[in-house]
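Okay, so here's the structure we're looking at.
Please treat every number below as a calculation from the coordinates, not as lab data. Keep in mind the model is a prediction, meaning the values are calculated, not measured. FYI the Cβ positions are ideal-geometry reconstructions off the backbone, even for glycines, and counts take in every protein chain you see.
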Amino acid sequence: MAGVAGPMLRRSRRSGAKFLAGLAVGGALAGLMLAVPAYVLGVLLRSVLPEPVRVWLVVAAAVAFAVADMLNRTPHVWRQVPQELVHRLPPGTLGVTWGFDLGLLFTTQKTTSLIWAAMGAVVLLRPDVGAALLVALSLIVSVAVTAWSMSDRAMGLLGSGKDHRWARTLRRTSGAGLLLAAAAWALAWAA
């Protein structure tokens, strides 16, 4: 993204705006697409698993994801948005395509497991709010990735070796946060 969004905005504000608008639209569409199976799965799990079991599954998942992050083993697919489309698609269409890809949340590289934990919690505990949350999460991810990739800080990290140290620090912080969240859920349910 850093190699596309920033230069595109500097070259042509109109093209950059089309790209960013497309990114938001694609993210929203992907979130809606995720919301349907998440809701159906969540309702099914609610009908077969009592609430305490679902809560403990969320706690166990949060701990597992926390450990994965702390060990620098965040689960993800080793791919990024298709780079070759930069030269084939106009800015708006490229934005929609990339926004949809990023908005699917599980199809590209992840820095932390926070998205996995959030999706699991939504499916297991609140499938009724899953649609709104997944659309919001997809949009937030698309906007955050774009904003970060256009920042001077991101440009300075690319290819410098610092990006790996930064990601490792972020993963450890995520892992600690997930462990705290798991402990809070466990204590709330144990009481």
Projected label distance in nm at Ala136 and Ala183, using a 7 Å step from Cα toward the beta-carbon: 2.7 nm
Derived scalar couplings ³J(HN,Hα) [region 175-191; Karplus, 6.51 cos²θ - 1.76 cosθ + 1.60; whole Hz; x for Gly, Pro]: x, 5, x, 5, 5, 5, 5, 4, 5, 5, 5, 4, 5, 5, 7, 6, 6
Fully extended contour minus Cα-Cα distance, from Leu32 to Ser12, at 0.36 nm per residue: 4.2 nm
Gain on full stretching of the segment that runs from Leu170 to Asp128 - 0.36 nm per residue minus C-alpha separation: 12.1 nm
